[in-house]
Every structure is written in C-alpha cells, then in structure tokens.
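Okay, so here's the structure we're looking at.
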Amino acid sequence: MDGQRGFYEMENPAENPSKAAEYLQELNNIIETQQGLLEKQRVRIEELELQVTDLCTENARLKDQHQRHLATCRLQQGNHSSLGAIKENVLQEKSKCESWRGVRELLDKTSM
C-alpha cells in the first residue's frame, strides 16, 4: 500500500497496545450506536405495522358499512341482485387484511 495506512490499519498491536485499545473502543462505540438505531427502527416498524392493521380493519368496516348502505338503497328501489356483489366485496376486503397479516408474520420471522 505504498506506505499509506488506512484508519483501521495499524502496526503490530503488540508494538502499540494503546492504539489498538483506542481502535477497539471506537469500534465498540460504532457497534453500540448501530444497535441502538436498529432497535429504534424495530420499534417504529412495529408501531407502523399496528397502524396498518388498525387501518385495514377500519377500512374493511367502513367498506362493509358503505356496501350495506348501498344495498339498502338498492333494495328500497327494488333491485335485489346486488347482495351477491356486496358479499363478494366484503370477502375480498377480508382477504386483503389476511394477506397483510401474512406479510407481517413473514417480516417478524425475518427480523429475528
């Protein structure tokens, strides 16, 4: 390396133990900082996953409520054929929520 030394390159640690200890301490500080950041990110991800689950549940409830309202309006007009479509939409929403739960479980497994 033509005489240049990188930050973590050093002479034989036995020749300069104080320099080796200094580098080791700095590496430990970096590792500790990174671990703290990772933990903060894990907590934030968990919070966001809970929010997504709550929003998915609320969304399904609101869509169901809206579909029931539309069905009531159609029934009052004499159109009875829309009930099958309403049930299908509700099942699709439930399926979407279940898919999200599957993704969340996969993320939980990979983060361990």
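The values are calculated or read from the model by the stated rules, or taken from the named source; none is laboratory data. As the structure is a computational prediction, the values presented were derived from the model and not from experiment. Here Cβ is always computed from backbone atoms with ideal geometry, including for glycine, and neighbour counts include all displayed protein chains. Protein only, heavy atoms only, side chains kept; ligands, DNA and RNA dropped before computing areas. Shrake-Rupley method; radii C 1.70, N 1.55, O 1.52, S 1.80 Å.
Below are the figures for this structure:
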quantity	calculated
Only listed residue being at pLDDT 70 or above and in a helix (DSSP H, G or I), chosen from ILE45, ILE86	ILE45
Where a residue in region 54-78 is more than 15 Å from GLU98 (Cβ to Cβ) and modelled with pLDDT of 90 or more and its partner, wherever it lies, is among the hydrophobic types (A, V, I, L, M, F, W, C) and open to solvent by 100 Å² or more (accessible area, probe 1.4 Å), with Cβ under 7 Å and at least six apart	none
